[in-house]
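S.K.: Okay, here's the structure, questions in a sec.
The values are calculated or read from the model by the stated rules, or taken from the named source; none is laboratory data. Quick caveat, the model's predicted, so the values are computed rather than measured. Here the Cβ is made from the backbone with ideal geometry for all residues, glycine too, and neighbour counts use every protein chain on show. The area values use the complete protein model at the heavy-atom level, side chains included, leaving out ligands, DNA and RNA. Shrake-Rupley method; radii C 1.70, N 1.55, O 1.52, S 1.80 Å.
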Amino acid sequence: IVSLISQLEHSHQYKEREEAAKLIKAFVKYNRDLSKSYAQSILNCLFQRIDQDKKQKITTPFISALLDVMREISFVDPDATKPYIGQIFPLILDSVKDQSDAQKREVALNTLIAMIENTGFVVKPYFFYPELLPIIINLVQSEQVKEIKDLVFKLIGTLGAVDPYLINQILFFHK
């Protein structure tokens, strides 16, 4: 795992980073007890990589692989993912808004649902990310892929109910 983290951190080729991320995801998924001790290191590496790659165009498969890793880590060590919620939400929301790739939207929605379920970050995303509600409404109205639409409804249930007055305030201030 240390070698994979190093490869993800230092490789200059997206394909190598993508493969390292996929292998890290498999490690975390199938070695939950052992991977818990590496969760913080993996997350640090992922966010360093994202920060470094922001200047360049990150490939869709690489973003999907990173989101998959984050989802798996949220199952293993939810407390380790909590400090990164502020950094991961914008990446997830950008991925959900990307109409060019259904798989990327699906991975992003699955990651968002898992992070909300595992960290207990319910209802608050509406307030911290006011663009979330319009994105959800747009997906409910326009999404053509049934699996993604189902995930959107699951996301709504996972996020929890909010007072309609507060929803109107969020929408008003977002405009």
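S.K.: So how do 156-168, 130-142 stack up, highest first, on mean other-Cβ count within 10 Å?
M.R.: 130-142, 156-168
S.K.: Anyone know which of K29, K104, K124 comes out most mobile in the 10 Å Cα GNM of the chain?
M.R.: K124
S.K.: Using +1 at the C-beta of Lys and Arg and -1 at the C-beta of Asp and Glu, which of I24, F47, A114 has the Cα lying farthest in the positive direction of the dipole of the chain?
M.R.: Value computed over the given set: F47.
S.K.: Kindly write out, for the stretch 10-26 in residue order, the coupling ³J(HN,Hα) from the Karplus curve 6.51 cos²θ - 1.76 cosθ + 1.60 (θ = phi - 60°), rounded to whole Hz, with x marking Gly and Pro.
M.R.: Result, rounded to whole Hz: 10, 5, 9, 10, 4, 4, 5, 5, 4, 5, 5, 4, 5, 5, 5, 4, 4.
S.K.: So, in Å, what gap is there between the alpha-carbon centers of the stretch 134-159 and the stretch 62-89?
M.R.: 21 Å
S.K.: Against the 2.2 N^0.38 Å scaling, with N counting residues, where does the stretch 20-84 land? I'd like the Cα-based Rg ratio to two decimal places.
M.R.: Against the empirical 2.2 N^0.38 Å value, I get 1.06 for the stretch 20-84.
S.K.: Here's something else I'd like to know. If you count only protein heavy atoms with a 1.4 Å probe, what accessible area per residue comes out for the stretch 101-174, rounded to a whole Å²?
M.R.: Here the residues of the stretch 101-174 average 52 Å² of exposed surface.
S.K.: About its Cα centre, how strong a charge dipole does the chain have in debye, to the nearest 20, once Lys and Arg get +1 and Asp and Glu get -1 at the Cβ?
M.R.: The dipole of the chain has a size of about 120 debye.
S.K.: Any chance you could run the full-extension gain for Q56 through Q13? It's 0.36 nm times the residue separation minus the Cα-Cα distance, nm to one decimal.
M.R.: Extra length available between Q56 and Q13 comes to 14.3 nm.
S.K.: If one takes the longest principal axis of the Cα atoms in the chain, at what angle in degrees, from 0 to 90 and to the nearest 10, does the Cα axis of helix 60-76 lie?
M.R.: Around 90 degrees separate the two axes.
S.K.: Using a/c under 1.5 as the rounded threshold, could you call the stretch 33-123 rounded, prolate or oblate? The axes a ≥ b ≥ c are square roots of the C-alpha gyration tensor eigenvalues, and prolate needs a/b larger than b/c, oblate otherwise.
M.R.: Cα axes put the stretch 33-123 in the oblate bin.
S.K.: Something else now. So how tilted is helix 164-174 from the main axis of the chain? Cα-based, degrees 0 to 90, rounded to 10.
M.R.: For 164-174 against the chain, the angle is about 70 degrees.
S.K.: How big is the Cα convex hull of the chain in projection, averaged over all directions, in nm²?
M.R.: In nm², the orientation-averaged hull projection of the chain is 10.1.
S.K.: Turning to a different aspect of this structure: To the nearest 10 degrees, how steep is helix 132-142 against the longest Cα principal axis of the chain, on a 0 to 90 scale?
M.R.: Approximately 80 degrees, to the nearest ten.
S.K.: Where does the charge balance sit around S37 when Lys and Arg score +1, Asp and Glu -1, over other residues with C-beta under 15 Å from its C-beta?
M.R.: -2
S.K.: Computed on alpha carbon atoms, what radius of gyration and Dmax characterise the stretch 98-166, expressed in Å?
M.R.: For the stretch 98-166, the Cα radius of gyration and maximum Cα-Cα distance read 11.8, 34 Å.
S.K.: Counting helices only, and only those DSSP H runs with n ≥ 4, report the 222 nm mean residue ellipticity of the chain as the sum of -39,500 (n - 2.57) divided by its residues, in deg cm²/dmol to the nearest 500.
M.R.: Helix contribution divided over all residues of the chain: -24500 deg cm²/dmol.
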